[in-house]
Amino acid sequence: MTTSEQKQKKTGSFSIFIEEIRKNSLTVTILAIVSGLLVGGLIAAVTSENVYAAFGESFLAGIGAIFTVFWNTYKALFTGSVGVPADIIAAISSGSWDAINRSLAPFFESLVQATPYIFAGLAVALGFRVGLFNIGAEGQIFVGALATVWVATSLKGWPALVHVPLALLAGAAAGGFWGMIPGWLKAKTGAHEVINTIMMNYIAFRLSEYLLNGVLGDPNKATPISAPIEKSAWLPRLFPDPNRFHWGFFVALLMAFLVYWLLFKTTWGYELRTVGHNPNAARYAGMSITRSIVITMVLSGALAGLAGANEVLGVNHNLGVAFSSGYGFDSIALALLGNSHPLGVVLAALLFGFLRNGAIQMQLTAGIPIDIISVLQALILAFIAAPAIIRTIYRLKEPKPELETPAVETKKGK
Amino acid sequence: MAQSSVISSKQTDYISPARRTTMGVVFLVMALTIWFGFVISTTSDALTTFVLYPGGSDVVVADLIFASRPILNILAFLCAGLGAYQLAKGFGKWTNTLLGVVAGLFIAAFLVWGSSGTSLNLAGLLKVAVVRAVPLTLGAFSGIFCERSGVFNIAIEGMMLTAAFCAALFGSLVNIWFGLFTAVLSGILLAYVLAVLSIKYKVNQIISGTVINIFATGITSFLSAKFLQRHSELNDSGRFTTWNIPGLSEIPFFGPILFSHNMFIYAMFIFTAVLTVLFFYTRWGLRTRAVGEHPKAADTLGINVNRTRYISVLIGGAMAGFAGAYFVLGSVGRFDEVMTAGRGFVGLAAMIFGNWNPIGSLGAGMLFGFADSLASKLAILKVPIPNKFLEMAPYLVTMIVLAGVVGRGQPPAAGGQPYEKE
């Protein structure tokens, strides 16, 4: 078997996999989320001392305690991510803007948490559509943030109208460059992008440690952290404190629309999807696979870089070494959850944003460590990736083998 | 199958003229770097001191003291000579070996230059390198078991982390041997999840690996925050003590470096031998490799492809579990959140650099361990190279190897593809 044949076969099996995901009905998606939440609650319950104490008293009290844990957990998750309904109603009826702002702050904070997920999820989803696995979003986020913080701290006295876009662009460019390297290596040498993006992640981490301990670091601080960025580079916030909702969310939505438009409304996007779907056909039709791979990885990296830029300009206003907490890997989960479709990604990112924000409250009030949401995300990802598990648990019928309608539809577009 | 591996090894023996030239140029560039980078910035009367026994060793060896500049010149001449021969005639199938030799000479020159005017504890440096190599090499072995049978395992990191947690918890609750046992068991359990998702449900193997990595990070941090941080007695497992191998540990210089460790280090060496025999000299190994290279052919010959994969992945999980136990039982004696810090991925890199081969992976693990060990010493040497750049070296060389610049590695052909019986 020659190398090119193998390569084709691998991409082939990948597109079948994506096809499987696509057939995955909405029911399965919803059930996967619900099951993930249930199992997460169960983990919270079995690790709770109260439950064991209650079981010591009587069986019924134990069951009751389990329900209490479930209720407290998800109540905290809800109030932490959306707000306390009674407070919101009271605030609206009081008519005070300040009270309304405060009561809705958790809801907007969830949107703030969802914003980097949208960027990173789009990055991974775009790769999936072209048959590429961009595991390196984490590293791209870091270099994006580094470039952004450099532009945002070193340019002084610029008008915000120029400074903000410039800082965002710097992040996108750096992320794009970081994505381009594995893309180029894949296209030219066939080196697997999964390994290369992982390696690039760690190179990015070391680079950020180096830069933040050196030229980008704040000399007045003992810890490796950058100086605060110029005020002119802040992504403007829409509401007064403590509400951190900023324009980055709309930039993210714009990007989602652009990715949608690129993939589904342009010839170029058609080409990219064809390469992902059937590289043989693409090559036969005269499309350049090398170019598609490199372009996709650049765009994917740029989107991830924007996630880093967004966090720096919109939320943190500086950059520390531990600023990205696993967005890269989580975004793989949410790209799959969102069916690698921009709209799906936005919805999945909102879910993850609400979960993440709610989990902070959960940690404070219900005493459940925030890391439980990683467990939740892993479970949801497993259920989404292996819909057969969900079908077995809930005794759903196997979907009827569909006719290859998408292929026919897309051909019309050409 | 045996035949195809013979053919493929012949292919690697062939060195194209372009590569021959490239390698020659690389050798010469290294020689020039020694001259213009190192020799020029060394004063003619500078002395280099290498301390040849690590701290805490009874086997005292006299320090090695020599003039830096002549030695650097000799090393540069050797590199240049090898480069010239490579350009003129070429070393043929020995080219890659020679690249290793020249790289070794270059590293030696770097150390001589870095420690000119001061002293460097060479033995200590190497001893730490051996220790740091352990999780990387064992992680690579885990990868070898999985990938040789055709299953990508990017979940080594997650398995190691979970195993480290179990080792700390159960090591504290019962004893270190039970901790080790549960660590290995947890590796096997996660490997079972990987196997079921990848083989039974035919989930893309990168996705199943990601599931395990996210899950492992989440559950260990969750449980650690919930229990270990509140009850410190649950996070005090103790560790395996150093055991000097009688006789061998008294060899000057090499004794303390290689034969004065705890059992994880010896296990690494033993496993290297065991895996080599297992994969290349037994029927089981041949069958496993066959499944990883050409599952259909293996199936035709009556090998149960999926069963072979299940077994290999489970052993790989056990290996990752053992590697994870090292972090706690062989090193610090307690669990910290996300303590594996990407070592599982470096292990994966070591496997690639070692060409999916146990001995190669040991070499790669040692090399990466050395880079790690040297990076922590750079500050002492006052070398104008940031240690973070040296820490990048393992990732960079892996990318270079993967790109085929210095000789393409040969991954198992059927890696990553679920097998569907027709």
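Could you state the number of Å between the C-alpha centres of the stretch B:44-79 and the stretch B:185-203?
Result: 50 Å between the Cα centres.
Percent of Cα-Cα pairs per 10 Å bin, from 0 to the last occupied bin, for the stretch B:192-315, please list those.
Histogram of Cα-Cα distances, whole percents per bin: 11, 22, 24, 25, 16, 2.
If you build the Cα gyration tensor of the stretch B:48-206 and take the root of 5 times each eigenvalue, what three semi-axes come out, in whole angstrom, biggest first?
43, 27, 10
Among the listed pairs A:Lys156/A:Lys221; B:Lys202/B:Lys296; A:Lys75/B:Lys226; A:Lys231/B:Lys388; A:Lys221/B:Lys377, give every one whose C-alpha distance is greater than 27 Å.
Beyond 27 Å between Cα atoms: A:Lys231/B:Lys388.
Just grab the label-to-label distance for B:Ala18 and B:Thr33, each label 7 Å out from Cα along the Cβ direction, in nm (one decimal).
Taking the simple label geometry, B:Ala18 and B:Thr33 are separated by 2.3 nm.
What is the dipole size for the stretch A:60-165, taken about its Cα centre, with +1 at each Lys and Arg Cβ and -1 at each Asp and Glu Cβ, in debye to the nearest 20?
Working: 4 positive and 4 negative charges, 29 e Å.
Computed charge dipole of the stretch A:60-165: roughly 140 debye.
Determine, for B:Phe222, B:Phe254, the number of other Cβ atoms within 10 Å of each Cβ, and report the residues in order from fewest to most.
B:Phe254, B:Phe222
Sort the stretch A:152-271 into rounded, prolate or oblate with this rule: let a ≥ b ≥ c be the square roots of the eigenvalues of the Cα gyration tensor; rounded if a/c is under 1.5, and if a/c is not under 1.5, prolate when a/b is larger than b/c, oblate otherwise.
It comes out oblate by the Cα gyration axes.
Neighbour counts of other C-beta atoms within 10 Å: give me A:Thr47, A:Thr290 arranged from fewest to most.
Ascending number of Cβ neighbours within 10 Å: A:Thr290, A:Thr47.
For the protein assembly as shown, what does the alpha-carbon gyration tensor say about shape, rounded, prolate or oblate, given a ≥ b ≥ c as the root eigenvalues, a/c under 1.5 as rounded, and a/b over b/c as prolate? Write down the numbers at each step before the final one.
Numbers: a/c = 1.39, a/b = 1.36, b/c = 1.02.
Note, shape of the protein assembly as shown comes out rounded.
Short version: what are the Cα gyration tensor semi-axes of the stretch B:12-123, square root of 5 times each eigenvalue, largest first, in whole Å?
In descending order, the three semi-axes are 31, 17, 9 Å.
Between the stretch B:342-356 and the stretch A:307-358, how far is it from one alpha carbon centroid to the other, in angstrom?
28
Under a point-charge model restricted to the Cβ atoms of Lys and Arg (+1) and Asp and Glu (-1), what is the dipole moment magnitude of the protein assembly as shown relative to its Cα centre, in debye to the nearest 20?
2140
What does the charge add up to near B:Glu391, with Lys and Arg as +1, Asp and Glu as -1, over the other residues with Cβ less than 15 Å from its Cβ?
So the environment of B:Glu391 carries a net charge of +3.
About the Cα centre, and with charges only on the beta carbon of Lys, Arg (+1) and Asp, Glu (-1), how big is the dipole of the stretch B:132-416? Nearest 20 debye, please.
500
Pull up the DSSP beta bridges for chain B and report the antiparallel fraction as a percent, rounded to 5.
70
Starting from one equal scatterer on each C-alpha and no solvent at all, send me the Debye-based log10 I(q)/I(0) for the stretch A:282-370 at q = 0.11, 0.13, 0.14, 0.26 Å⁻¹, two decimals.
Evaluating at q = 0.11, 0.13, 0.14, 0.26 Å⁻¹ gives log10 I(q)/I(0) of -0.46, -0.61, -0.69, -1.30.
Using a Förster distance of 25 Å, how high is the FRET efficiency between A:Trp268 and A:Leu161, based on the Cβ-Cβ distance and rounded to 0.05?
It comes out at approximately 0.25.
Bin width 10 Å, origin at 0, all Cα-Cα pairs of the stretch B:132-416: what percent of pairs per bin?
It works out to 7, 28, 34, 23, 7, 1, 0, in whole percents.
Assign one of three labels to the stretch B:114-236, namely rounded, prolate or oblate, based on the Cα gyration tensor with a ≥ b ≥ c the square roots of its eigenvalues; rounded applies when a/c is under 1.5, prolate when it is not and a/b is larger than b/c, and oblate otherwise. Let's see the in-between values first.
Working: a/c = 2.31, a/b = 1.28, b/c = 1.80.
In terms of gyration-tensor shape, oblate.
How large is Rg/Rh for chain A, to two decimals, with Cα atoms and a Kirkwood Rh?
Numbers: Rg = 22.9 Å, Rh = 22.8 Å.
That ratio equals 1.01.
Work out the charge dipole of the stretch B:12-123 with +1 on the Cβ of Lys and Arg and -1 on the Cβ of Asp and Glu about the Cα centre, then indicate which of B:Ser115, B:Leu47, B:Ser16 is farthest towards its positive end.
The residue sitting most towards the positive pole is B:Ser16.
Would you kindly derive the ³J(HN,Hα) couplings of the stretch A:346-363 from the backbone phi angles with the Karplus curve 6.51 cos²θ - 1.76 cosθ + 1.60 (θ = phi - 60°), listing them in order in whole Hz, with x for Gly and Pro?
For the stretch A:346-363, the Karplus curve yields 4, 5, 5, 5, 4, 4, 5, x, 5, 4, 5, 5, x, 5, 5, 5, 4, 5 Hz.
Show me, for the stretch B:69-76, the HN-Hα J-couplings you get by feeding each phi into the Karplus relation (A = 6.51, B = -1.76, C = 1.60, θ = phi - 60°), rounded to Hz, glycine and proline as x.
With the stated coefficients, the stretch B:69-76 comes to 5, x, 4, 4, 4, 4, 4, 5 Hz.
Using the number of other C-beta atoms within 10 angstrom as an exposure proxy, rank A:Ser288, B:Ser142 with the fewest first.
A:Ser288, B:Ser142
Calculated FRET efficiency, B:Ile251 and A:Leu38, Cβ-Cβ r, R0 60 Å, to nearest 0.05?
Numbers: r = 60 Å, r/R0 = 1.00.
It comes to 0.50.
A short reminder: the numbers here are calculations on the coordinates, not readings from a lab. What you see is a predicted model; the values in this text were computed from it and never measured. Backbone-built Cβ (ideal geometry, glycine too); neighbour counts: all protein chains shown.
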